[in-house]
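Peer 1: Following this message is one structure expressed as structure tokens.
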Amino acid sequence: GAGVSQSPSNKVTEKGKDVELRCDPISGHTALYWYRQSLGQGLEFLIYFQGNSAPDKSGLPSDRFSAERTGGSVSTLTIQRTQQEDSAVYLCASRRSGANTGELFFGEGSRLTVL
Amino acid sequence: GDSVTQMEGPVTLSEEAFLTINCTYTATGYPSLFWYVQYPGEGLQLLLKATKADDKGSNKGFEATYRKETTSFHLEKGSVQVSDSAVYFCALTSNRDDKIIFGKGTRLHILP
């Protein structure tokens with residue numbers, strides 16, 4: 001597709017359930033980022049994938065959070081045993097390889113509500 | 001670690017007013033600096049950037065100058081419009097790694 005695609009756009013779940021959020025980056029973009037956007041908290045870095053390198057997981061808030069990227073393209077963010085504080089918009093972004101231009105292309109996000 | 005601090009909002013201005021949104025950063029090395037904008041109902045998009053000291057980024061009437069001596073990258077516009085109402089994020093990326101760090105965002109409301 002032309003842009004970064006995320007699904008689902010909205011997810012309501014019960015506390016304790018697991019959720020999976022999907023990101024389909026722009027074709028050819030080797031770098032992929034996940035961020036969390038909470039009210040009043042801005043954009044919180046979660047995890048970063050670059051090509052075949054080991055991901056930078058330094059932003060994952062707990063071991064309930066994990067992410068993988070298959071075939072260097074689609075990525076899935078998994079949250080296990082969801083808690084109410086996990087409610088936020090989860091944003092995925094991708095960037096082309098090469099020089100560190102820093103321009104990220106963002107999807108429209110997946111809004112997660114944990115009841 | 002690297003960090004970005006920007007003024008808290010919301011900022012409310014009348015149309016045609018002068019806008020400044022302050023942004024300062026902490027980083028080792030020589031980061032690149034960015035402003036991203038999120039219009040209502042849309043995804044974040046790059047507004048402007050500067051990759052070295054004294055560079056000025058500009059787009060859509062907005063400007064920001066990379067000031068190494070004050071570690072700042074303030075966003076300015078001479079005459080704002082209602083259509084500029086959005087959330088603005090200051091960000092940096094270091095040349096040590098590819099992690100991109102964002103500030104908390106500043107919500108801007110422009111009144112007609």
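Throughout, read-outs are computed from the coordinates displayed, never taken from laboratory work. In this text, all values refer to a predicted model and were calculated from it rather than measured experimentally. Cβ placement follows ideal geometry from the backbone for every residue including glycine, while neighbour counts extend to all protein chains displayed.
Peer 1: Quick query: amide H of B:GLY9 versus all other amide H atoms, modeled in the peptide plane; which residues come in under 5 Å with a sequence gap of 5 or more or a different chain?
Peer 2: HN-HN under 5 Å from B:GLY9: B:ARG107.
Peer 1: I've got another one for you. Rounded to the nearest 5, what % of DSSP beta bridges with both residues in chain B are antiparallel?
Peer 2: Working: 34 of 38 bridges.
DSSP beta bridges in chain B are roughly 90 percent antiparallel.
Peer 1: DSSP loop (so not H, G, I, E, B), at most 11 other Cβ within 10 Å: list which chymotrypsin sites (Phe, Trp or Tyr not before Pro) in the range B:14-66 pass both filters. If you can, show how the numbers build up before the last one.
Peer 2: Working: sites: B:PHE18, B:TYR25, B:PHE34, B:TRP35, B:TYR36, B:PHE62, B:TYR66; in loops: B:PHE18, B:TYR66.
For chymotrypsin sites (Phe, Trp or Tyr not before Pro) across the range B:14-66 that sit outside H, G, I, E and B with at most 11 neighbouring Cβ atoms in 10 Å, the list reads B:PHE18.
Peer 1: Taking θ as phi - 60°, what are the ³J(HN,Hα) couplings along the range B:17-26 by the Karplus curve (6.51, -1.76, 1.60), each to the nearest whole Hz, with x for Gly and Pro?
Peer 2: Along the range B:17-26, the couplings run 6, 8, 10, 9, 10, 7, 9, 10, 9, 10 Hz.
Peer 1: Follow-up question, since we're still on this one. In the range A:1-73, which GluC sites (Glu not before Pro) fall in coil by DSSP and have 12 or fewer other Cβ atoms within 10 Å? Don't skip to the answer; put the middle values down first.
Peer 2: Numbers: sites: A:GLU14, A:GLU20, A:GLU44, A:GLU68; in loops: A:GLU14.
Passing both the DSSP loop test and the Cβ count: A:GLU14.
Peer 1: Also: Using θ = phi - 60° and the Karplus form 6.51 cos²θ - 1.76 cosθ + 1.60, what ³J(HN,Hα) does each residue of the range A:51-57 get, whole Hz, x for Gly and Pro?
Peer 2: Going residue by residue, I get x, 9, 6, 4, x, 8, 9 Hz, with x marking Gly and Pro.
Peer 1: Moving to a separate point now. Tell me, what HN-Hα J-couplings in whole Hz come from the Karplus equation 6.51 cos²θ - 1.76 cosθ + 1.60 at θ = phi - 60° for each residue of the range B:80-93, using x for Gly and Pro?
Peer 2: Taking θ as phi minus 60°, the curve returns 7, 10, 4, 5, 7, 4, 4, 9, 10, 10, 8, 8, 9, 9 Hz for the range B:80-93.
Peer 1: Something else about it: Counting partner chain Cβ atoms within 10 Å of every residue's Cβ in A:42-50, what's the average?
Peer 2: On the way: counts 11, 12, 3, 4, 0, 1, 4, 0, 2.
Rounded to a whole number, the mean comes out at 4.
Peer 1: So who's got an amide H within less than 5 Å of the one on B:GLU15, skipping anything under 5 residues away but keeping other chains? H placed 1.01 Å off N, in plane.
Peer 2: When sequence neighbours closer than 5 places are left aside, the close amide H contacts are B:LEU111.
Peer 1: Something else: Which one of B:SER58, B:SER32, B:VAL11 has its Cα pushed farthest toward the positive end of the charge dipole of the range B:2-60, where Lys and Arg give +1 and Asp and Glu give -1 at the Cβ?
Peer 2: B:SER32
Peer 1: Across peptide B:97-106, what mean number of C-beta atoms from other chains lies inside 10 Å of a residue's C-beta?
Peer 2: Details: counts 5, 9, 7, 12, 4, 7, 2, 6, 5, 1.
Going residue by residue through B:97-106 and averaging, the value is 6.
Peer 1: Additional query: Using a simple spin-label model with points 7 Å from Cα along the Cα→Cβ vector, what separation in nm is obtained for B:LYS68 and B:THR26?
Peer 2: My value for the distance between the label points is 2.1 nm.
Peer 1: Which percent, nearest 5, of DSSP beta bridges in the protein assembly as shown are antiparallel? Don't skip to the answer; put the middle values down first.
Peer 2: Working: 68 of 76 bridges.
If we restrict to bridges inside the protein assembly as shown, about 90 percent are antiparallel.
Peer 1: So, one more: Rounded to the nearest 0.05, what FRET efficiency do B:ASP97 and A:GLU68 have when you use their Cβ-Cβ distance and R0 = 22 Å?
Peer 2: On the way: r = 20 Å, r/R0 = 0.92.
Here the calculated transfer efficiency is 0.60.
Peer 1: Then there's this: Let me confirm one metric for peptide A:104-112, namely the mean number of other chain beta-carbon atoms within 10 Å of its residues' beta-carbons.
Peer 2: Working: counts 9, 4, 7, 2, 4, 3, 0, 0, 0.
Averaged over the peptide's residues, the number is 3.
Peer 1: Give the aspartates and glutamates whose C-alpha is closer than 19 Å to that of A:LYS15, dropping any in the same chain fewer than 8 places away, or say none.
Peer 2: Straight-line reach from A:LYS15, under 19 Å: A:ASP63, A:GLU85, A:ASP86.
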